[in-house]
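The values are calculated or read from the model by the stated rules, or taken from the named source; none is laboratory data. Worth saying up front: this structure is predicted, and the values here are computed from it rather than measured. Because the Cβ atoms are built from the backbone with ideal geometry, glycine has one as well, and the counts that use them run over all protein chains shown.
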Amino acid sequence: MIVKIFPSILKGEIEAPASKSSMQRALAAALLRQGETVIHNPGTSNDDRAALENIVRLGAVVQGSRQQAAGSNNNSLHVVSQGIHPVSTTLDCGESGLGIRMFTPIAALSAEELTITGSGSLKTRPMNFFDEIFPMLGISIQSDKGKLPMVIRGPLQPRNIEVDGSLSSQFLTGLLMAYSAAGAKDVTITVRDLKSKPYIDLTLKVLKDFGWNVVNNDHKSFYFPGNNELQKEALHYRVEGDWSGAAFLLVAGAIAGDIIIKGLDPFSTQADKAVLQAMQSAGVSMSITPDQIEVRRSPLKAFHFDATECPDLFPPLVALAAICEGKTVIEGASRLTHKESDRAVTLQQEFGKMGVNIELQEDLMIIEGVNQLKSATTHSRHDHRIAMACAVAALRADGPVVIEEAEAINKSYPDFYDDIRSLGAEVQ
């Protein structure tokens, strides 16, 4: 799909999309607990759909049509589960990095042989973590030299282990959930060099909301005391608004209009809430309340921001920095290699087409702001956040910006083009 975005002025109100980070964790927790879970404000992204299909493959029953439940306008989703009882021998996580890293340890709770696969860039992402850790937990595993597909057979046996958290926190999320569901008691997972700590905070919050108790020792170790409090009656869980997707809306307001975004929790544990800090450093005019965030177009200055703990903010912040006066420095660029694309290089190349110079110096990304971007033809590289970043930047170009393979947004925010159009953006 090709989308063309024209320079536009935005105005109006919009509801933030549902968080796929929160949604996928809620689906996993609903699968692992015994009983009924009602998930309110469910997400509809491709990653959410893949997670929904996988909990069904692992034995959960979703009341009503699965396709309708995943893509409808219903305000709630009913999940009934008796734990892990696979009805399929294969799990397909699509292109979801969180999905593959979270559901693989969960699937390993079963004694059946299961094949774990995915598509797109997920096939090239390193999964050596499982090859190293699973044998310590009594799980047999076969992989293609650390790549998909993987064939596993449990059941997982919770043990004291030490893991490397430098590549991604998502592996730890899967272990925390699987250990909890396995009834781990007096067991500790020790972690070296944990990245993206706020995402682990989100995992722990979901576990707590569902009744599991995990003790966090300064993100260096996680202890399972075993005193869980799982309720027997139906559990209700509301999916948060998504700070990752809303970051693009916030930046769009900062560079192109006066908009109000609702449905975001200022006290959320989501890592990408840190977008507010970067925007404040850039001089963005904002008004923040518990119910809404108002963003107004204003003169912007270059800023310095450390995105090591929130690497998904690079694309929207590059769109912001492109309009700022001066050179912006963002730390944490090394975290971008194993994303849907090599995002550091992709941002450099695609924004270069629009006249923005980006330098990469080891862990630093340096963006030289311009007053107005150039009309250009860009490509998403099949990366949802690249597509959205180019679309936001296009609002301040000197002519239309074409985005090829623009449907990449479906991975996380399928309504993105419709949402910015509702705010006044000219989208074809």
**OP:** Please go through region 128-154 and pick out each residue that is within 16 Å of THR90 (Cβ to Cβ) and in contact with a Gly (Cβ under 9 Å, 6 or more places away or on another chain).
**Re:** LEU148, PRO149, GLY154
Subject >> Residue within region 228-251 that is under 20 Å from the mean Cα position of the chain (by Cα) and of a type in the set (Val, Ile, Thr) present >> reply: yes
Original post:
Does ILE330 count as in a strand (DSSP E or B), within 18 Å of ALA282 (Cβ to Cβ) and in contact with a helix residue (DSSP H, G or I) (Cβ under 8 Å, 6 or more places away or on another chain)?
Top reply: yes
Original post:
What single numbered condition from (1) farther than 20 Å from ASP272 by Cβ; (2) modelled with pLDDT of 95 or more; (3) polar (S, T, N, Q); (4) not in a helix (DSSP H, G or I) fails to hold for ASN371?
Top reply: (2)
Original post:
Considering only residues of region 375-428 that are surrounded by fewer than 23 Cβ atoms within 10 Å (Cβ to Cβ) and polar (S, T, N, Q), which is nearest to GLY43 (Cα to Cα)?
Top reply: ASN410
**OP:** Determine whether LYS205 is among the basic types (Lys, Arg) and either assigned to a helix (DSSP H, G or I) or surrounded by fewer than 16 Cβ atoms within 10 Å (Cβ to Cβ) (or both).
**Re:** yes
Original post:
Between a first residue in region 106-117 that is in a strand (DSSP E or B) and a second residue that is of a type in the set (Lys, Arg), which pairs have beta carbons less than 6 Å apart while being 6 or more apart in sequence or on different chains?
Top reply: GLU113/ARG153
Original post:
Looking at region 301-357, which of its residues are crowded, with 18+ Cβ neighbours inside 10 Å and either hydroxyl-bearing (Ser, Thr, Tyr) or in the same structural domain as PRO126 (by TED's automatic domain parsing) (or both)?
Top reply: THR328, SER341, THR346
**OP:** Exactly one condition in (1) over 19 Å from GLY257 (Cα atoms); (2) modelled with pLDDT under 95 is not met by SER298; state its number.
**Re:** (1)
Original post:
Could you count how many residues in region 160-197 are under 27 Å from THR89 (Cβ atoms), assigned to a loop (DSSP other than H, G, I, E, B) and out of contact with any Gly (no Cβ under 8 Å at 6 or more places or on another chain)?
Top reply: 1
